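The values are calculated or read from the model by the stated rules, or taken from the named source; none is laboratory data. Computed from a predicted model, the values in this text were never measured in an experiment. Every residue, glycine among them, receives a Cβ derived from its backbone with ideal geometry; neighbour counts consider all protein chains shown.
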Amino acid sequence: MNPRAAASPSPADAAFARHVAAEMNAKDKIMNTTTATNSNPAEVYDRFFVPALFAQWGPRVAAAAQIAPGDHALDVGCGTGVLALAVAERALPAGRVVGLDASEEMLGVARRKSSAIEWVPGKAESLPFEDASFDAVLSQVALMLFEQPVGALRQMWRMLRPGGRLVVAVPDRLENSPGYLALTELLQRLFGSDIADRMRPPFALGDEPRLRGLFVDAGIGEVAITTEHGPVRFDSIDAMISTERACVWTLGGLLDAEQFERLRRRARQDLSAFAATDGRVEFDMPMHVVTACRP
Ligand SMILES: C[S@@+](CC[C@H](N)C(=O)[O-])C[C@H]1O[C@@H](n2cnc3c(N)ncnc32)[C@H](O)[C@@H]1O
């Protein structure tokens, strides 16, 4: 099999791809706006999002994949490298760790963190490696953003040697992340659904039967899904909404200064249930962790 060939999408995959393509087109516009008016979105992501949301998941996903010294492991949609670094802690120096991402900006930040990890540009839908090259393939908070999630899963499965482990983590439904649900409802009241709905793509695979269906469509029949809790933490309500305003996958570039000021004033009241007396914000953002072992 040609290792660069993407699997052809199933009907379910194609329908989902159309939905995500619309989101990705909008995201690209935002990415340009963000780049022009702020700093590199990958730097923003690494500085603000990783510590608030995703740093805790790297070691957890690496543990779920039972990464051991000497393993060869691939992180798909590695971003700025939080999961690949946790995998490297366990697998290197005897093993091999590869982080792959479609964004050169993300890889640029990742490269500064480790030269022992191989940082490879590429698409999840056409992984540039031979069949059965890895003991473990991992991915966190990325599958719901891929253009063809089923095609990507087929490719990840192809990477595994017999006995190899696949672990994929995606956020649970928006309704189960109470702080983000409250923010989405506030955006709806203030600005309507065009802006409020921009909070939804990161949670697009939160519906468990739908998530399981993608793996079935990819020919990965036997999967286990656990839903694990994990806190989102910000220094303040202002920090939370400022971070979201800079996010290329949600509100990035959407709100002008007047709208942002209105949001800030109302958020201080409407999100106050999530702030402690010192102002720090904390709420649960559960993840579905899907594991499968290649026969
Ligand atoms: C929300 S970030 C998560 C990054 C990282 N896994 C983490 O935990 O911080 C999603 C990543 O998926 C990447 N991505 C999106 N579509 C992709 C595709 N089709 N192939 C490879 N990477 C993709 C983005 O560039 C981004 O770095």
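Taking the condition of a type in the set (Lys, Arg), assigned to a helix (DSSP H, G or I) and more than 12 Å from the ligand (Cβ to nearest atom), does residue 154 pass? Against the criterion (of a type in the set (Lys, Arg), assigned to a helix (DSSP H, G or I) and more than 12 Å from the ligand (Cβ to nearest atom)), residue 154 qualifies. Within segment 106-123, residues that are within 15 Å of residue 92 (Cβ to Cβ) and of a type in the set (D, E, K, R) sit with their Cβ atoms under 8 Å from residues that are assigned to a helix (DSSP H, G or I) and modelled with pLDDT of 95 or more, at 6+ positions apart or across chains, in these pairs: 113/85. Flag set for residue 47, criterion: among the charged types (D, E, K, R), within 20 Å of the chain's Cα centre (by Cα) and within 13 Å of the ligand (Cβ to nearest atom). The one condition from (1) more than 21 Å from the chain's Cα centre (by Cα); (2) small (Gly, Ala, Ser); (3) farther than 27 Å from residue 254 by Cβ that residue 193 does not meet is (3).
Check segment 139-147 and report whether any residue there is away from the ligand (no atom under 14 Å from the Cβ) and at pLDDT 95 or above. Let's see the steps before the verdict.
Pass one, segment 139-147, residues away from the ligand (no atom under 14 Å from the Cβ): none.
Scanning segment 139-147 turns up no residue that is away from the ligand (no atom under 14 Å from the Cβ) and at pLDDT 95 or above.
The residues of segment 114-130 that are in contact with a strand residue (DSSP E or B) (Cβ under 9 Å, 6 or more places away or on another chain) and either surrounded by 19 or more Cβ atoms within 10 Å (Cβ to Cβ) or not in a strand (DSSP E or B) (or both), listed by number, are 114, 116, 117, 119, 122, 123, 124, 127, 128, 129. Checking each residue of segment 21-31 against the condition of being more than 18 Å from the chain's Cα centre (by Cα), farther than 27 Å from residue 216 by Cα and modelled with pLDDT under 50 gives at least one match. Residues that are surrounded by 21 or more Cβ atoms within 10 Å (Cβ to Cβ), in contact with a Lys or Arg (Cβ under 6 Å, 6 or more places away or on another chain) and either assigned to a loop (DSSP other than H, G, I, E, B) or of a type outside the set (A, V, I, L, M) (or both) occur in segment 161-169; there is at least one.
Residue-by-condition table, conditions (1) more than 19 Å from residue 132 (Cα to Cα); (2) out of contact with any strand residue (DSSP E or B) (no Cβ under 7 Å at 6 or more places or on another chain); (3) in a strand (DSSP E or B):
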site: 69; (1), (2), (3): no, yes, no
site: 78; (1), (2), (3): yes, no, no
site: 83; (1), (2), (3): yes, no, no
site: 88; (1), (2), (3): yes, no, no
site: 105; (1), (2), (3): yes, yes, no
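Residues that are among the small types (Gly, Ala, Ser) and within 13 Å of the ligand (Cβ to nearest atom) within segment 108-138 comprise 108, 110, 122, 124, 126, listed in sequence order.
With the structure loaded, tell me whether residue 243 is modelled with pLDDT under 95 and hydroxyl-bearing (Ser, Thr, Tyr) or whether it fails that test. So residue 243 passes the test. Taken together, 172, 131 contain a single residue that is within 16 Å of the chain's Cα centre (by Cα) and of a type in the set (Asp, Glu), which is 172.
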